[in-house]
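Below is one structure, written out as structure tokens; the observations come after it.
The values are calculated or read from the model by the stated rules, or taken from the named source; none is laboratory data. Predicted model only: the values in this text are computed from it and were never measured. Cβ atoms come from the backbone with ideal geometry, glycine included; neighbour counts cover every protein chain shown. The protein model used for the area step is the full one, side chains on, heavy atoms only, and it has no ligands, DNA or RNA in it. Shrake-Rupley method; radii C 1.70, N 1.55, O 1.52, S 1.80 Å.
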Amino acid sequence: MNEQRTNPVQQKVKCLFKIKVEDKASEKRQNQQFLVVATDKRCNEVEQHNLETAVVSEKIDGTCCYIAEYEGKPWLWARHDRKPNKSGDRKLKKYLSEKKAWSEDGEIGDRPTISWDIPRDFKEVPSQWIPALEVSVEYGVPQPDEHGHIPGWVPVGPRNTQHKWHLSSVDLTNGLGLVLRQTAEGLSVDCVPLTELLGNTVELIGTNINGNPYKIGNRRKPLHFLVVHGSMTLTCPQPPTLQNLTHWFRESDDGQVEGIVWHCETGALFKLHRHHVGLPWPIDLPHLSKQRVRINVDGTAYEFREEKSVFYLLSRQVGSTCEQLSELHDLLYPDTSDTDDWVNRAKSIAPFVVGAVALPVAIPVALSAVGFGAGGIVAGSLAARAMSVAAVANGGGVAAGSLVAVCQSVGAVGLSASATAAASSAGVAVVGAWKGFTSFLRRNGNINREDD
């Protein structure tokens, strides 16, 4: 592990520069109808710290975790912010609106404030929940930050499906974690005792985290690792002006990262994200994904009995290397390649194709079955009864454009081109709704990080 001093991430990290809000939809977060961008002026807090002696590291795109003891054992804790409930959210939105108006009016008059009633304004949290270390506490009650969150942690639970992918990165029986480390040659995958990581915050990355920007594993054979915050160091331009850093993000191979984090000697943290300078993320092939990887998981000191365990598979490949992190999956699972992903995608698309084709075919067949035949309406059928009822209602004849008239036409000559297209769309919509519903029920998909 990198031996340089770095700081744990226990609170939201401030941008290195002053920011402004633009009325544009954010590409970083869904349903966020504003864009946060950096200006060329540093934020006021930076002046209190020395950036020249700060450790500069890559901002890793995953979900934040914490290594601390739980019931006397070293344990992995998942990020779990306590957030406002519906009434608290209304209070927060009103405060933010007042604050924005105050700022736009030149900050004239008293600055808007917000008064919280924690039990009434915030959602309940699990009994094992603990606040993050830097959270302000008043009269024994953790207080929200300026964004209306109370950052905190919950211990991962072996039976908790929400922690399924967290658990794949640790062996809690042996007290071990799979850690991706920086080396002089590139990267290494190490099996690290959690006791060595106590007090550190880490980023969980991999197949089912944040859309897998680093292309690690695949959905059939997922892989997840821990990265200690601050351990992937960078050399970025000096002085770190907005112009220099924007150019570095655009043009440098080392700049193909989500962002930069400065770890100051005082314990302060500052960051700059690609989105702050109007650049996209994720990108096709990030810097981390292109590095050479060596497997250093030595299983001789531990008993990895489960042959399906990632720890066991890695220990069987100790000393092996691959040219890129994105190729590590092929080394561990030679029988499951990217082809499997294409097969899975084909399987996921197939129902929509069937829906689009089947419904236009099924409609004429169904109409024929109830008596709307190619030669006209069949006597004594359901269609004949429907026509009789429609004729009575219309004063003796079947009205043009009525349901019976349309069914009679389709039964006789089939669907028109426009009707076929509409039926195909309906078939796709029905299948899509069903797949969305079943996906919702599974509740074991991708994990998205909390705001950091």
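Annotations
Residue-wise test of (1) of a type in the set (V, I, T); (2) at pLDDT 95 or above.
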residue	(1), (2)
W165	no, yes
L172	no, no
T195	yes, yes
N208	no, yes
V227	yes, yes
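- Within region 33-71, the set of residues being of a type in the set (S, T, Y), modelled with pLDDT of 95 or more and open to solvent by 40 Å² or more (accessible area, probe 1.4 Å) comprises just one member, Y70.
- Only a single item in (1) assigned to a loop (DSSP other than H, G, I, E, B); (2) within 18 Å of V13 (Cβ to Cβ); (3) open to solvent by less than 60 Å² (accessible area, probe 1.4 Å) is not met by H147, and it is number (3).
- Condition met for K41 (over 30 Å from I205 (Cα atoms) and in a strand (DSSP E or B)): yes
- Enumeration of residues in region 72-130 that are within 21 Å of I447 (Cα to Cα), of a type in the set (D, E, K, R), open to solvent by 50 Å² or more (accessible area, probe 1.4 Å) and not in a loop (DSSP other than H, G, I, E, B): none
- Of all residues in region 152-182 being among the polar types (S, T, N, Q), in a loop (DSSP other than H, G, I, E, B) and more than 18 Å from the chain's Cα centre (by Cα), the one that is surrounded by the fewest Cβ atoms within 10 Å (Cβ to Cβ): T173
- Cross-chain or 6+ apart pairs with Cβ under 9 Å, region 111-122 first and over 16 Å from Y139 (Cβ atoms) and modelled with pLDDT under 95, then among the aromatic types (F, W, Y) and part of a helix (DSSP H, G or I): R111/W102; P112/Y95; P112/W102; T113/Y95; I114/Y95
- For region 268-305, the candidate set comprises residues that are of a type in the set (V, I, T) and part of a helix (DSSP H, G or I); within that set, the residue that is surrounded by the fewest Cβ atoms within 10 Å (Cβ to Cβ) is T300.
- Answer from E185, E196 - the residue that is open to solvent by 10 Å² or more (accessible area, probe 1.4 Å), under 24 Å from C322 (Cα atoms) and more than 20 Å from the chain's Cα centre (by Cα): E185
- Test set (1) open to solvent by 30 Å² or more (accessible area, probe 1.4 Å); (2) at pLDDT 95 or above - R345 fails condition number: (2)
- Residue under evaluation V202, criteria (1) in contact with a Gly (Cβ under 9 Å, 6 or more places away or on another chain); (2) modelled with pLDDT under 95, criterion not met: (2)
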